[in-house]
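Step one of this worksheet: look at the structure below.
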Amino acid sequence: MTDVKQMLLQAAEQEMLENELDSFAQKIKELYDSYITCNCFFKKQPMSLWVSLLNKVEELPSDFQNFNLNFILGFLYLRNEKNDKAYQHLSIAIDLNPKSDICFALRSTVQQHNRDGIKDAEQAVAINPSARNCFVLACITNENNKNSLGYNIEWVHSNSMKNIVKGIRRYERAISLNDNFPCAYFNMGLLYEAIEYYVEAIESFLICIKLEPTHWCYYNLWFCFYQIKKYDLASHYLNVGMTNNPSDYRYFFALGLQNDRLGNYEKAIENYESYLSMCLDPEYPVSRKLKEVENRVLQRLLENAYLEFDTANYLRSTQNFEYYFFQGGEQTEAISEIYYKAVLYLKHPAKKINHSNPNYIRLNSYRQSYKSKKDTNELLSIDEENIQKLIKYRKNYKIGFGTYQGEEIEKVLEEDVEYIFWCIINLHHFMISMNLFSSSNFQTEISFYEAVEINLIKGIILAEKSKEMKEEREEEYGYGCYESSYDQWMTDEFDADAETAHWNMD
């Protein structure tokens, strides 16, 4: 099929090669008057063409009285993205010929989105109410409230809404003058999309691709169908859009949303990461969506780990836990407690962390005898005193006894794991947070499993002691006494160990 626009541009280029400036200018004006409705045709030309043509015109002597020379310089500077010089020469051309709607329309694009630009576009329409000039005016009055992915970046306030409605009416006018106008339908669809009139936007986009099947509006079609939950149609236009525009990285974001919705979290992560690797200035929703789906993957791993634990499949449970940690999952105290139970049960299936455990029976007997002797003021044994002083050491707690007195637990763990294990096993008042067992050199120690077992048992005892303390205080001071200023101070000072700290205060 013969491309009349391309043939006319090639003829204009030949005129310039032969130094026929007036003929070149005439053919460019003919392109605008008869064939050009938007800038798509000019944008598709190689930049080298515009550079070479500008170089050729710049060789001519300046003449501020020559309309064609200044018109062409303004046109070519605009194509070469030298807006200041484009504005200068277009202004000269307008002064020489105030009836040139093309010059007003071109100059309006240099001042896009400001009052002078709108005046120029309105003047172009007043001189020549063509579809092209109406389109230029509609484009200039648009306010961009959306990012490239289709999301509103700010609420559409009343003034913006007025301008959007005005823009839609102006695109409708351009279409009424030329209904074979894909970009007018596309831009009108964008405005409907901005105010979340997705059905109307879809209607505009569908006409756009009917007129120009290779148009880039497939992403917007996907977005609108996705927003109204027409997922099959959204997927169809997503696939067509990716085929037509494989370099448009926005489609990886679309694929990420689609796979996330379908529960294909690993694929969704790949899609979002592909977008981020290709886009130099990524839009804000992508990183947020990536983090959300990564959290869903972690949550699924954690749920599987708990499920396998509950069904006594300790191998699969530990595998899920470890992959959860590998993927960046937080190793909280509660999660660590179940994980290390699974680790212990996998190695020693006969072990149980409950009231039947021999270590629990032994340590709890000291606690019960402490309570009995406390009531009768009998002399306490060292074991009874120490079990009552039981405290859970966190990584920044300082040891108050022995070889490493004054050192933080975290530092001692790096220097002497065996010493920490010995303390857990032999000192009734000492235990550590379960998540501290994640130290890489822990499991090389022979006493690792014994330390895990006793630490878990001490956790049960500490929880029971804290519960009893709470019940005693509520019995003495009434229900809800933990809202008192004293209890608030204890919480602020000792966080999760507030109750334990209470029992260890002189």
Based on the inverse mean of 1/r over its pairs of different Cα atoms, what is the Kirkwood hydrodynamic radius of the chain, in Å? 29.8 Å
On the formula 1/(1 + (r/R0)^6), with r taken between the Cβ atoms of Leu211 and Asn114 and R0 of 22 Å, the FRET efficiency rounded to 0.05 is 0.10
Thr243 paired with Met278, simple spin-label distance in nm, labels 7 Å along Cα-to-beta-carbon: 1.7 nm
Per residue, in Å², the accessible surface of the stretch 231-326 once ligands and nucleic acids are set aside, probe 1.4 Å: 55 Å²
Helix 198-211 against the longest principal axis of the chain: what's the angle in degrees, Cα atoms only, rounded to the nearest 10? 50 degrees
Could you list, in their original order, any pairs among Lys291/Lys398; Lys352/Lys398; Lys351/Lys392; Lys291/Lys392 whose Cα atoms are separated by more than 24 Å? Lys291/Lys398; Lys352/Lys398; Lys291/Lys392
Of all accessible heavy-atom area on the stretch 1-85, the percent that carbon and sulfur account for (1.4 Å): 46 percent
Accessible area, probe 1.4 Å, largest first, for residues His236, His348: His236, His348
With +1 on the Cβ of every Lys and Arg and -1 on the Cβ of every Asp and Glu, the dipole magnitude of the chain about its Cα centre, in debye rounded to the nearest 20, is 1560 debye
About the Cα centre of the stretch 331-379, how large is the charge dipole given +1 on each Lys and Arg Cβ and -1 on each Asp and Glu Cβ? Please answer in debye to the nearest 20. 180 debye
For Lys229, list the lysines whose Cα falls under 21 Å from its own Cα; do not include residues on the same chain fewer than 8 positions away. Lys146, Lys267, Lys289
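Taking Cα pairs under 8 Å and at least six residues apart, what relative contact order does the stretch 174-245 come out at, in percent? Spell out each step's value before the answer.
On the way: 82 pairs, mean separation 18.1, N = 72.
Worked out over the stretch 174-245, it gives 25 percent.
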Separation in nanometres of the label points that stand 7 Å from Cα toward Cβ, at Asp375 and Glu475: 0.9 nm
For Lys82, list the lysines whose Cα falls under 26 Å from its own Cα; do not include residues on the same chain fewer than 8 positions away. Lys5, Lys27, Lys29, Lys43, Lys44, Lys56, Lys99, Lys119
With a 1.4 Å probe and all protein chains left in place, how much of the accessible area of the stretch 185-301 comes from carbon and sulfur atoms, in whole percent? 52 percent
With a Förster radius of 41 Å, plug the Cβ-Cβ distance of Glu407 and Arg362 into 1/(1 + (r/R0)^6) and report the FRET value to the nearest 0.05. 0.90
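Using a 10 Å cut-off on Cβ atoms, rank the peptides 211-219, 427-435 from the highest mean neighbour count down.
427-435, 211-219
R0 = 51 Å: FRET efficiency of Asn295 with Leu177, Cβ-based, nearest 0.05?
0.45
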With charges set only on the Cβ (+1 for Lys and Arg, -1 for Asp and Glu), what does the dipole of the stretch 260-383 come to about its Cα centre, in debye to the nearest 20? 740 debye
For Ala463, placing the label point 7 angstrom along Cα-to-beta-carbon and taking the stretch 327-350, residues whose amide nitrogen sits under 18 Å are 331-345
Check the straight Cα-Cα distances from Lys470 and name the aspartates and glutamates below 19 Å, setting aside those fewer than 8 residues away within the same chain. Asp375, Glu483, Asp487, Asp492, Glu493, Asp495, Asp497, Glu499, Asp506
What do you reckon, how do Phe205, Phe41 stack up by accessible area (1.4 Å probe), largest on top? Phe41, Phe205
Give me the distance between the Cα centres of the stretch 78-105 and the stretch 295-320, rounded to whole Å. 68 Å
Suppose the chain between Gln14 and Asn80 were pulled fully straight at 0.36 nm per residue; how much longer would it get relative to their current alpha carbon spacing? 21.8 nm
Got a sec? Charge dipole of the chain, +1 on Cβ for Lys and Arg, -1 for Asp and Glu; which of Leu53, Leu290, Thr318 is way out at the positive end? Leu53
Per residue, how many Å² of accessible area does the stretch 1-149 show with a 1.4 Å probe? 49 Å²
Length-normalised contact order for the chain - Cα pairs under 8 Å, 6+ apart - percent: 6 percent
In what order, largest first, do Arg288, Arg394 sit by accessible area if the probe radius is 1.4 Å? Arg288, Arg394
Selection from Leu177, Leu21, Asn264 lying farthest towards where the dipole of the chain points positive, charges on Cβ: Leu177
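The values are calculated or read from the model by the stated rules, or taken from the named source; none is laboratory data. For clarity, every value in this text was computed on a predicted model and none was experimentally measured. Every residue, glycine as well, gets a Cβ built from its backbone with ideal geometry; the counts of neighbours run over all protein chains shown. These area figures cover heavy atoms from the full protein model, side chains too; ligands, DNA and RNA do not enter into them. Shrake-Rupley method; radii C 1.70, N 1.55, O 1.52, S 1.80 Å.
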